[in-house]
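Each remark here refers to the structure printed beneath this line.
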Amino acid sequence: MKKLISASIMCADLTQLGESVSQLEKANVDYLHLDIMDGSFVPNITLGFDLVNAVKKITDIPLDIHMMVNEPGRFIDRMNLDKNDIICVHYESDIHIHRTLSQIKDKGIKAGLALNPQTPLESMEYLTDYMDMALIMTVSPGFAGQKLFAGAERKTAAARKMLNELGHADMPIEVDGNISPENGRKLSRCGADIFVLGTSSLFNKGKDMTQAAEDFRAVL
Ligand code: DX5
Ligand code: ZN
C-alpha cells in the first residue's frame with residue numbers, strides 16, 4: 001500500500017493558516033489532519049467545525065478529521081465533507097460506536113476507528129466492515145510534542161496482522177503521535193500506511209515543509 005502523509009494542522013502556524021495550507025500543498029501532503037477536541041474526552045480544546053469548513057473551502061487536499069470528542073455522532077453533520085475525506089472517531093468515546101461509524105459511511109464519507117494506546121485491538125474485531133481506516137494512537141491523545149508509547153511498534157504490527165487475517169489487507173493503518181522520521185521508519189516496517197506529521201517532523205521551527213516532507217518520505 002502507498003505510504004501517505006497527513007499533516008497535523010494543530011501544529012501549523014494558526015496565525016497564518018492560509019499560508020501554511022499553501023505550503024502543505026507545495027509539500028504535496030496527502031491529507032490535512034485536523035484534531036477536534038472537546039476538553040472532556042481529552043483535556044484540551046483545539047480546532048472547531050467552522051475552521052474545518054473554512055479549510056475545506058481553500059484546498060483540494062482531502063481532510064483527515066480526528067474526533068477526540070465524546071459522542072462524536074452529534075457533530076458529523078456540522079462538517080461539509082465529501083467522499084475523499086475521513087472522519088476518525090475513538091472507540092472509547094461512544095457506547096454506540098458501530099452506529100456512529102455507519103452514520104459517517106451513510107454520508108459517503110470515509111470512516112476511521114481510533115484506538116488509544118491502552119485499548120485492545122479486539123475492540124475493532126467486529127467493526128472492520130464499517131471502517132475504511134484504523135488509527136493506532138502512538139501517544140495518549142490531546143497534545144502535540146509527546147513521546148511514543150512503549151508498545152507502539154508491537155501494537156501496529158499486531159493491528160496489521162489482525163486486519164489481514166480478517167480479510168482487510170487493503171485497509172490502511174494510520175499512526176498519530178511523535179511520528180519523527182525515525183519512528184516513522186520503524187512503524188512503516190510494522191505495517192503503518194498513513195503518518196500524522198506534527199512537531200516531530202513536519203512543523204520543525206524554521207525547516208522548509210517541502211524539505212521536511214521529502215526527508216520523511218525518504219526514510220519510509
Ligand atoms: C495528538 C495529535 C497529533 C500529533 C501531533 O493528539 O493528534 O496531531 O500528536 O504531532 P507530534 O506528536 O509530532 O507533535
Ligand atoms: Zn490526531
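The values are calculated or read from the model by the stated rules, or taken from the named source; none is laboratory data. Everything numeric in this text was worked out from a predicted model, so none of it was measured. In this analysis, Cβ positions are derived from the backbone assuming ideal geometry, glycine residues included, and neighbour counts consider all displayed protein chains.
Taking the criterion of being in a loop (DSSP other than H, G, I, E, B) and loosely packed, with under 15 Cβ neighbours inside 10 Å, the residues of the stretch 12-47 that qualify are 13, 28, 39, 40, 43, 45. For the structure I just gave you, tell me whether residue 128 is modelled with pLDDT of 95 or more, over 25 Å from residue 24 (Cβ atoms), within 16 Å of ligand 2 (Cβ to nearest atom) and β-branched (Val, Ile, Thr). Against the criterion (modelled with pLDDT of 95 or more, over 25 Å from residue 24 (Cβ atoms), within 16 Å of ligand 2 (Cβ to nearest atom) and β-branched (Val, Ile, Thr)), residue 128 does not qualify. The residue pairs whose first member lies in the stretch 177-203 and is at positive phi, whose second member is more than 6 Å from ligand 1 (Cβ to nearest atom) and charged (D, E, K, R), and whose beta carbons are closer than 8 Å, counting only pairs six or more residues apart or on different chains, are 178/147; 191/160; 191/161.
Among the residues of the stretch 205-220, the ones that are without any contact (Cβ under 8 Å) to a residue 40 or more places away in the chain and either touching a Ser or Thr at 6+ places or on another chain (Cβ under 7 Å) or crowded, with 17+ Cβ neighbours inside 10 Å (or both) come to 0 in all. Which one is farthest from ligand 2 (Cβ to nearest atom) among residues in the stretch 173-220 that are over 21 Å from residue 121 (Cα atoms), among the aliphatic types (A, V, I, L, M) and touching a strand residue (DSSP E or B) at 6+ places or on another chain (Cβ under 7 Å)? Per the criteria, the residue is 213.
Taking the stretch 76-123 as the range and being part of a loop (DSSP other than H, G, I, E, B) and buried (at least 18 other Cβ atoms within 10 Å of the Cβ) as the test, the residues that pass are 79, 81, 85, 94, 109, 116. With the requirement that a residue be of a type in the set (S, T, N, Q) and touching a Cys at 6+ places or on another chain (Cβ under 7 Å), what does the stretch 137-191 give you? Once the filter is applied, which keeps residues that are of a type in the set (S, T, N, Q) and touching a Cys at 6+ places or on another chain (Cβ under 7 Å), the stretch 137-191 yields only 156. Kindly establish whether residue 196 is within 17 Å of the chain's Cα centre (by Cα), within 15 Å of ligand 1 (Cβ to nearest atom) and not in a strand (DSSP E or B). Spelling it out, it is not the case that residue 196 is within 17 Å of the chain's Cα centre (by Cα), within 15 Å of ligand 1 (Cβ to nearest atom) and not in a strand (DSSP E or B).
Looking at this structure, is residue 40 touching a Gly at 6+ places or on another chain (Cβ under 6 Å) and touching a residue at least 24 places away in the same chain (Cβ under 8 Å)? Criteria not met by residue 40. Taken over the stretch 124-142, the criterion of being crowded, with 17+ Cβ neighbours inside 10 Å and either within 16 Å of ligand 1 (Cβ to nearest atom) or under 20 Å from residue 196 (Cβ atoms) (or both) is satisfied by 124, 131, 132, 133, 134, 135, 136, 137, 138, 139, 141, 142. Quick check on the stretch 153-167. Is at least one of its residues within 16 Å of ligand 1 (Cβ to nearest atom), crowded, with 22+ Cβ neighbours inside 10 Å, over 15 Å from residue 92 (Cα atoms) and not charged (D, E, K, R)? Yes, the stretch 153-167 contains a residue that is within 16 Å of ligand 1 (Cβ to nearest atom), crowded, with 22+ Cβ neighbours inside 10 Å, over 15 Å from residue 92 (Cα atoms) and not charged (D, E, K, R).
Scanning the stretch 165-175 for residues that are out of contact with any Leu (no Cβ under 6 Å at 6 or more places or on another chain) and in contact (Cβ under 8 Å) with a residue 60 or more places away in the chain, we see that the one that is farthest from residue 148 (Cα to Cα) is 170.
The sole residue among 34, 4 that is out of contact with any helix residue (DSSP H, G or I) (no Cβ under 9 Å at 6 or more places or on another chain), in contact (Cβ under 8 Å) with a residue 24 or more places away in the chain and within 15 Å of ligand 2 (Cβ to nearest atom) is 4. Checked against the criterion of being within 18 Å of the chain's Cα centre (by Cα), basic (Lys, Arg) and outside any helix (DSSP H, G or I), the stretch 153-161 has no qualifying residue.
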